[in-house]
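S.K.: Below are the structure tokens for one structure; questions will follow.
Readers should treat all values here as calculations from the given coordinates under stated rules, not as data from a laboratory. None of these values were measured; they are calculated from a predicted model. Don't worry about glycine lacking a Cβ; one is built from the backbone with ideal geometry, like all the others, and counts go over all protein chains shown.
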Amino acid sequence: LEGVLILSEIRKDLVRDNWVVIATDRAVKPSNLPVPALGSAKKAAGFCPFCEGNEKFTPPEILALRPSDLPSNDTGWSVRVVPNKFSAYGMDTPLIRESVDMYTRQSGFGSHEVVIESPEHDQELHFQPLEKIASVIGVLRDRYLQIAGDERFKFIQIYKNRGLFAGASLSHSHCQIISLPYVPDQFKGAVNYASENSRCLFCDMIELEIRKKERLILETDNFVVVCPYAPRFTYETWILPKNHQENFGELDDSKSLELSQALKKLLVSIVDTLDDPSYNLVVHTAPVNVPHVPGYHWFIEVSPRLIVQSGVEVATGYFMNPISPEWAAETLRKNILNRKD
Ligand SMILES: [Zn+2]
Ligand SMILES: [Zn+2]
């Protein structure tokens, strides 16, 4: 494709074994994108069940960080985990799968937890001090390990919806954990790569991205922050451990402060560069309680939600991305470098 005028490139997404349409016209600015800035449901006033003092309006807590002499389900906590009151999944339904006529269905067995990151309503994750971000990550990791101990669960998905266009229904900063009895196949490209090459796709990508630097945003002792080659979302960014680790549960406490620092820098630069966008944060990790499948390497994805998916995505399943990851990485990298903190 060198030397010819092209308006876009269709790039192969090796992880998902799919295609992404990347516009190469650099004139597109975040402010030209169809979804306006913020969209964060930030301003929603009124009653909030996640605020300190409202503990009795959530289901009884699963875990909370608070001094041990204080009673549970009351004030004084710093991070609090509760069941999601409005989940589509429940632990009370037995795991049933059946076929009726030509159709198949299964019961909504699963667990769904909310991790409330702060007792204060307006304390967003990227504003928090590093130690606090690390303690949130520690709680997510600990819940992950605890849930993985239940053989019925095969897949644990940690995620965060920030803002209206990322699907947040409550503005009080929180993460969620959904645990399911089956494994989605969105990583089939990475799994095939591992079985064909006997190597980890992500480890190979990390090595390449550090060498080429085009899409590299930040590198620390143990983590890299990059825009992937074929990002589905504008300014989609990944934070990966440099050493091969399949499972988020393997994250060591000694590295969580370093991870928090990388995450904070990334989130601050995204919020700053893109005028306070909605975003999803997702922790991708290997399935649990299944025979070992090579190909997984855990990482955090942060995907700002700046465009509305169109008929092309609906029809083909190919995502359209109007901003190249090289451009996005350069923008975020410069923003981080220009910051004094
Ligand atoms: Zn609140
Ligand atoms: Zn790897």
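S.K.: Highest first, please rank the peptides 301-309, 150-158, 193-201 by the mean number of other Cβ atoms sitting within 10 Å of their residues. Write out the running numbers ahead of the final one.
M.R.: Values: 301-309: 19.8, 150-158: 17.8, 193-201: 15.1.
Put in order of decreasing packing, that is 301-309, 150-158, 193-201.
S.K.: Ok, one more. Out of all DSSP beta bridges with both ends in the chain, state the antiparallel percent to the nearest 5. Each step should come with its number before you reach the end.
M.R.: Details: 49 of 53 bridges.
Here the share of antiparallel DSSP bridges comes out near 90 percent.
S.K.: With the dipole of the chain worked out from charges on the C-beta (+1 for Lys and Arg, -1 for Asp and Glu) around the Cα centre, which of ASN243, TYR318, ALA168 lies farthest toward the positive end?
M.R.: TYR318
S.K.: While we're on this one: Rank-order 293-300, 215-222, 82-89 by packing density, defined as the average count of other C-beta atoms within 10 Å over each peptide's residues, highest first.
M.R.: Details: 293-300: 21.0, 215-222: 18.4, 82-89: 14.9.
Output ranking for 293-300, 215-222, 82-89: 293-300, 215-222, 82-89.
S.K.: Quantify how much of the Cα-Cα distance distribution of the chain extends past 34 Å, in percent.
M.R.: Numbers: 14830 of 57970 pairs.
Cα-Cα pairs of the chain separated by over 34 Å account for 26 percent.
S.K.: Tally Lys and Arg at +1 and Asp and Glu at -1 over the other residues with C-beta under 10 Å from the C-beta of LYS242: what net charge comes out? Spell out each step's value before the answer.
M.R.: Numbers: positive: none; negative: GLU207, GLU219, ASP221.
Net local charge, LYS242 excluded: -3.
S.K.: Moving to a separate point now. Let me know the charge dipole size of the chain about its Cα centre in debye, to the nearest 20, where only the beta-carbon of Lys, Arg (+1) and Asp, Glu (-1) is charged.
M.R.: Working: 36 positive and 44 negative charges, 111 e Å.
Charge dipole of the chain: 540 debye, to the nearest 20.
S.K.: Turning to a different aspect of this structure: Lysines near LYS160 by alpha-carbon distance under 16 Å, same-chain residues fewer than 8 away left out - which ones?
M.R.: By straight Cα distance, LYS160 reaches LYS42, LYS264.
S.K.: Could you name the lysines whose alpha carbon sits less than 21 Å from that of LYS56, not counting residues in the same chain fewer than 8 places away?
M.R.: Excluding near neighbours in sequence, the set is LYS85.
S.K.: What lysines could a cross-link reach from LYS213, if we take a straight Cα to Cα line under 20 Å and drop same-chain neighbours fewer than 8 places away?
M.R.: By straight Cα distance, LYS213 reaches LYS12, LYS242, LYS265, LYS334.
S.K.: Using 0.36 nm per residue of separation minus the Cα-Cα distance, give me the extension gain between ARG199 and GLU214 in nm, one decimal. Present the calculation step by step, with values, prior to reporting the outcome.
M.R.: On the way: separation 15, 0.36 × 15 = 5.40 nm, distance 2.29 nm.
Additional length available on full extension: 3.1 nm.
S.K.: Now for a separate question. Rounded to whole Å, give me the distance from the Cα center of the stretch 45-88 to that of the stretch 237-316.
M.R.: Measuring centre to centre over Cα atoms gives 26 Å.
S.K.: Another question, then. If we count every other residue with Cβ under 11 angstrom of ASN321's Cβ, Lys/Arg +1 and Asp/Glu -1, where does the sum land? Let's see the in-between values first.
M.R.: On the way: positive: ARG11, ARG232; negative: GLU9, ASP13, GLU236, GLU313.
So the surrounding residues net to -2.
S.K.: When you count, for each residue, the other Cβ atoms within 10 Å and take the mean per peptide, how do 66-75, 226-235, 9-18 rank with the highest first?
M.R.: Working: 66-75: 10.8, 226-235: 24.1, 9-18: 16.5.
Going from most to least packed, we get 226-235, 9-18, 66-75.
S.K.: With a point put 7 Å past each Cα toward its Cβ, work out how far LYS12 is from LEU95 in nm, to one decimal.
M.R.: Result: 3.5 nm between the two label points.
S.K.: State whether the stretch 82-180 is rounded, prolate or oblate according to the following rule on the C-alpha gyration tensor (a ≥ b ≥ c being the square roots of its eigenvalues): a/c under 1.5 gives rounded; otherwise a/b larger than b/c gives prolate, and the remaining case gives oblate. The partial results should precede the final answer.
M.R.: Values: a/c = 3.08, a/b = 1.86, b/c = 1.66.
Prolate.
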